[in-house]
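Just so it is clear, none of the values below were taken in a lab; they were calculated from the coordinates. The model shown is predicted, which means the values in this text are computed figures rather than measured ones. In this analysis, Cβ positions are derived from the backbone assuming ideal geometry, glycine residues included, and neighbour counts consider all displayed protein chains.
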Amino acid sequence: MPVPLNPSAQKVQEALNAISAGMWEVVELPDSTRTSAEAAAAIGCTVAQIAKSVVFKGKHSGDPVLVMASGPNRVNTETLAGLVGEPVEKPDADYVRERTGFVIGGVPPVGHAKPLAIFIDQDLGQYADIWAAAGTPRAVFRLTPDDLLRITGGRVIAVT
């Protein structure tokens, strides 16, 4: 009998099933996937195949912005600010949980508590398969870059 998913991971699985039932499977791993390096080691893929979730907050509006970046890439906040029309800053853990419904290290690309702007790193497009967080620092799911674009409605950008 399969072990039930953590409630946060189950929430992501349900969001994925609502988009296309049976297309993606959330898996919980014994090792942490909180960072890109940890996730790649736990999954057995390259760090660049990890679609890490980086949450920012508009400095004036307070609106959340999610960037799905390739694992080794650092998000250029000046570029991001130009795209969102205001400076951005890193929010605290409480803000991330309130706005996304998930903890840092487990923020998925779907199933958020509140709508947020989503940007996708163009570097993810070079891989056949990528991996994204699925609600907890130990849960992930595999998808293609095209899937990521389709399920998020995000905008592809150069993040570095």
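Some notes on this structure:
- Flag for residue 11 being among the basic types (Lys, Arg), buried (at least 18 other Cβ atoms within 10 Å of the Cβ) and over 18 Å from residue 124 (Cβ atoms): yes
- Here residue 17 meets each of (1) outside any helix (DSSP H, G or I); (2) over 12 Å from residue 140 (Cβ atoms) with one exception, condition (1).
- Taking the numbered list (1) farther than 19 Å from residue 109 by Cβ; (2) of a type in the set (D, E, K, R); (3) touching a residue at least 60 places away in the same chain (Cβ under 8 Å); (4) not in a loop (DSSP other than H, G, I, E, B) in turn, residue 78 passes all entries but (3).
- If you go through region 81-94 and keep only what is closer than 10 Å to residue 57 by Cβ and in contact with a Pro (Cβ under 8 Å, 6 or more places away or on another chain), you end up with just 91.
- Count of region 139-159 residues which are over 17 Å from residue 48 (Cβ atoms) and either of a type in the set (Val, Ile, Thr) or assigned to a loop (DSSP other than H, G, I, E, B) (or both): 4
- Residue within region 29-50 that is of a type in the set (S, T, N, Q), more than 27 Å from residue 128 (Cβ to Cβ), in a loop (DSSP other than H, G, I, E, B) and more than 12 Å from the chain's Cα centre (by Cα) present: no
- Only one of the numbered conditions (1) buried (at least 18 other Cβ atoms within 10 Å of the Cβ); (2) among the basic types (Lys, Arg); (3) in a loop (DSSP other than H, G, I, E, B) is violated by residue 99, and that is (3).
- Enumeration of residues in region 102-132 that are outside any loop (DSSP other than H, G, I, E, B) and closer than 14 Å to residue 68 by Cβ: 117, 118, 119, 120, 121, 122, 123, 124, 125, 130, 131, 132
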